[in-house]
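The values are calculated or read from the model by the stated rules, or taken from the named source; none is laboratory data. What you see is a predicted model, and the numbers here were worked out from it, not measured in a lab. Positions of Cβ are backbone-derived with ideal geometry, glycine not excepted, and every protein chain shown enters the neighbour counts.
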Amino acid sequence: MDAYMSGKVALVTGGSSGIGKATAMAFAQTGASVVIASRRQEPGQAAAAEIQAGGGTVAWIQADVSQAVSVAALLERTLATYGRLDYAFNNGGSGGQGGWLADIAEEDWDKTVDGYLKSTYLCMRYEIQVMLGGGGGAIVNNSSVDGLRAFPWDPAYSAAKHGVIGLTKSTAVQYIQKGIRINAVCPSWIRTPALDGLLSDPNAEKEILRHQPIGRLGRPEEVAQAVVWLCSEQASMIVGTALGVDGGYLVI
């Protein structure tokens with residue numbers, strides 16, 4: 001373990017599986033104390049137990065990041081547990097049914113925008129308040145390649161993820177001189193549990209990879225390493241960027 005983040009505290013929302021879990025584990029491997037936030041208790045506690053078994057320091061806190069009261073409580077419990085917050089990866093999110101825009105119900109639109117964009121705003125709002133009181137920090141928001149290009153299968157999702165990038169860039173400018181660096185990552189197709197249903201179709205992966213020049217799905221750990229690097233002092237000059245972790249997806 002290279003403990004260059006020893007003494008620091010990292011919060012990962014949606015940290016019980018996939019990219020979030022890999023990022024929580026990556027932070028723990030740097031020596032940081034980690035808070036995993038998720039809605040479901042069993043996978044959240046299982047992820048925390050896995051980190052503890054590897055020698056990491058971790059706490060799981062139940063939270064619904066689309067609800068202000070829940071996010072406020074999450075940050076209060078983080079401070080009560082560790083006394084500070086240095087890094088945050090705003091990864092948690094969920095949405096409604098996508099499809100052709102004229103067929104998307106208002107309820108599904110609201111679920112998607114609240115689940116991906118409002119949740120990022122809420123997390124940043126409370127994280128920034130804590131970081132301002134603690135001398136600064138670094139925040140990474142999880143957007144998507146679909147926040148930088150068209151995603152015709154779900155325009156609500158694409159709109160929300162574009163919004164995450166706009167929010168990231170604007171707040172990065174607001175807070176950089178107050179000691180808080182804010183960036184975003186934009187993953188492409190990553191092999192996570194969220195893809196399991198889609199990949200049950202034997203032709204799906206082949207079709208997906210037509211758009212991913214690297215010729216394979218990404219690994220959650222590859223996104224995690226980008227997040228940890230953006231939070232580290234090695235990325236001290238990186239402000240307001242939307243970093244593609246995409247195997248060349250955005251090039252073509």
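Structure values in brief
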{"quantity": "Residue pairs meeting the criteria (Cβ under 6 Å; at least 6 apart or on separate chains; first touching a residue at least 60 places away in the same chain (Cβ under 8 Å) and on the phi < 0 side of the Ramachandran plot, in segment 85-104; second buried (at least 19 other Cβ atoms within 10 Å of the Cβ) and charged (D, E, K, R))", "calculated": "D86/K8; A88/E127"}
{"quantity": "Every residue from segment 1-16 that is in a loop (DSSP other than H, G, I, E, B) and of a type outside the set (D, E, K, R)", "calculated": "M1, A3, Y4, M5, S6, G7, G14, G15, S16"}
{"quantity": "Given (1) over 15 Å from D86 (Cβ atoms); (2) assigned to a helix (DSSP H, G or I); (3) in contact with a Phe, Trp or Tyr (Cβ under 7 Å, 6 or more places away or on another chain), number of the condition I128 does not satisfy", "calculated": "(1)"}
{"quantity": "Total residues in segment 100-115, condition out of contact with any Ser or Thr (no Cβ under 8 Å at 6 or more places or on another chain) and either of a type in the set (F, W, Y) or farther than 22 Å from K169 by Cα (or both)", "calculated": "11"}
{"quantity": "Residue in segment 154-168 that is surrounded by 14 or more Cβ atoms within 10 Å (Cβ to Cβ), in contact (Cβ under 8 Å) with a residue 60 or more places away in the chain, outside any helix (DSSP H, G or I) and among the polar types (S, T, N, Q) present", "calculated": "no"}
{"quantity": "Complete set of residues in segment 198-240 that are within 30 Å of Q177 (Cβ to Cβ) and surrounded by fewer than 14 Cβ atoms within 10 Å (Cβ to Cβ)", "calculated": "E233, Q234, S236, M237"}
{"quantity": "Single match in I19, I36, I61, I51 (criterion: in contact with a Pro (Cβ under 6 Å, 6 or more places away or on another chain), at pLDDT 95 or above and not in a loop (DSSP other than H, G, I, E, B))", "calculated": "I19"}
{"quantity": "Qualifying residue in segment 215-223 (condition: closer than 25 Å to K21 by Cβ, among the hydrophobic types (A, V, I, L, M, F, W, C), in contact (Cβ under 8 Å) with a residue 24 or more places away in the chain and part of a helix (DSSP H, G or I))", "calculated": "yes"}
{"quantity": "Among (1) of a type in the set (A, V, I, L, M); (2) more than 30 Å from V130 (Cβ to Cβ); (3) at pLDDT below 95, the one test that A194 misses", "calculated": "(2)"}
{"quantity": "F89 being in a helix (DSSP H, G or I), aromatic (F, W, Y) and closer than 18 Å to V185 by Cβ", "calculated": "no"}
{"quantity": "Segment 116-142 - residue that is of a type in the set (V, I, T) and crowded, with 24+ Cβ neighbours inside 10 Å and, of those, farthest from G244 (Cα to Cα)", "calculated": "T120"}
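One line per residue, one yes/no per condition, for (1) over 25 Å from L122 (Cα atoms); (2) in contact (Cβ under 8 Å) with a residue 40 or more places away in the chain; (3) out of contact with any Phe, Trp or Tyr (no Cβ under 9 Å at 6 or more places or on another chain); (4) part of a helix (DSSP H, G or I):
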position: A172; (1), (2), (3), (4): no, yes, yes, yes
position: Q212; (1), (2), (3), (4): yes, no, no, no
position: W229; (1), (2), (3), (4): no, no, yes, yes
position: L250; (1), (2), (3), (4): yes, yes, yes, yes
